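Working notes for the structure below.
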Amino acid sequence: MDQSDIILKTVNLGKTFKGFAAVTEVNLEVARGGIHALIGPNGAGKTTCFNLLTKFLEPSSGHIYFNGIDITKERPAQIARRGIIRSFQISAVFPHLSVLENVRIALQRKLGTEFHFWKSPSSLNVLNNRAMELLREVGLAEIAEEQTVNLPYGRKRALEIATTLAMEPELMLLDEPTQGMGHEDVARVTELIKRVAEGRTVLMVEHNMKVVSAIADKITVLQRGSVLAEGSYSEVSKNPLVIEAYTGSDAEAQA
C-alpha cells in the first residue's frame, strides 16, 4: 500500500508499567477512508493502545505517525487539533442540556471560541444549522430539544458520535461503541457507524464480533499486548491462533 494512503502508523509501539509489558512492539497501519477494528480477548492491550494513540499514556518505546508526521511527543490537545478525536473526549457531559445544546457546545469548541456562559444562550444560535445537520446525520434531529438525561443509552451513544463529528475529525477513535447495549441498539449504532464512516476514517476497539464482521474493512487482533493476526474478518476468524486466543472467552457467545 502507498504510504500516502496510511493515515495512522505505529512502529514498535510499547508500554511498560513497573516491569509489566502491557503493549509490545505494536506495528499498526490504518488506511485512509476505512473502518479498522482493534480486537482481542480481555487484557489484550486494546484500551492501552488507544490511550497511547491519544497520548493519555506516554509510550515507553516506539513511534506514532499521523499523516507521515511523528506525533509521539505531542500532548493530547495537540493530537486533537490535528484531527484525531476519541469519542469520549467530547461526549455529552451536560445531561441537563438539550441534545441540540450539547452539539452546539462541541461546535463552539471546534471554533476555538470561549464558553461565554454569562451571555444569552441565543448568542450560540448561529451554530444551530450545523448542529441540526449533525443531528440529522445520526438520526436525532426529531429529539433535538429533548434533555440529554432522558435519552436511552443507545441514543446517548449516537449523541456522543454527533459531538465527535462536530470536531470535524480526520480520524475518529471509537472505544467500545456498542458496550452495554441491547440487540436493537447495537444494530442501530452499527448502522450509524457505517454511515458516518463514509468519507472518514474510523479506528475502533470493539468486543462484539457481529459488529466487527458487519462493518470492519480491516482487523488487527491483539493478544497479551502484541499483534497476533491482521486482515479481513474472514481471514482472522479462520486463523488458528485467533481461534485459540478466543477459546473460552466471551467471543464464543458472540460469534
Close pairs (8 angstrom Cβ cut-off, 6 or more residues apart or separate chains): within 11 Å of Met204 (Cβ to Cβ) in the range 170-194, among the acidic types (Asp, Glu) anywhere: Leu174/Glu206; Glu176/Glu206; Pro177/Glu206; Thr178/Asp185; Thr178/Glu206
Kindly indicate the residue of the range 80-134 that is of a type in the set (Ser, Thr, Tyr) and assigned to a loop (DSSP other than H, G, I, E, B) and also modelled with the highest pLDDT among those meeting that condition. Ser120
How many of the residues in the range 32-44 are at negative phi and either surrounded by fewer than 20 Cβ atoms within 10 Å (Cβ to Cβ) or of a type in the set (Asp, Glu) (or both)? 3
Residues being more than 21 Å from His36 (Cβ to Cβ), hydrophobic (A, V, I, L, M, F, W, C) and at pLDDT 95 or above: count how many of those fall in the range 141-189. 3
Restricting the range 159-177 to residues that are part of a loop (DSSP other than H, G, I, E, B) and more than 11 Å from the chain's Cα centre (by Cα), which is surrounded by the fewest Cβ atoms within 10 Å (Cβ to Cβ)? Glu168
Qualifying residues in the range 7-31 (those that are more than 16 Å from Val227 (Cβ to Cβ) and among the β-branched types (Val, Ile, Thr)) - the one surrounded by the fewest Cβ atoms within 10 Å (Cβ to Cβ): Thr16
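Yes/no matrix, rows are residues, columns are (1) aliphatic (A, V, I, L, M); (2) outside any loop (DSSP other than H, G, I, E, B):
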residue: Val11; (1), (2): yes, yes
residue: Thr16; (1), (2): no, yes
residue: Glu25; (1), (2): no, yes
residue: Gly33; (1), (2): no, no
residue: His36; (1), (2): no, yes
residue: Thr47; (1), (2): no, yes
What are the pairs with Cβ atoms under 7 angstrom where one residue, in the range 131-158, is loosely packed, with under 14 Cβ neighbours inside 10 Å and the other, located anywhere, is in a helix (DSSP H, G or I)? Sequence gap at least six, or different chains. Glu145/Leu100; Tyr153/Asp185
I'd like the residue in the range 73-88 that is surrounded by 18 or more Cβ atoms within 10 Å (Cβ to Cβ) and touching a Leu at 6+ places or on another chain (Cβ under 9 Å) and, out of all such residues, is farthest from Pro177 (Cα to Cα). Ile79
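The values are calculated or read from the model by the stated rules, or taken from the named source; none is laboratory data. Just so you know, these numbers come straight off a predicted model, no measurement behind them. FYI the Cβ positions are ideal-geometry reconstructions off the backbone, even for glycines, and counts take in every protein chain you see.
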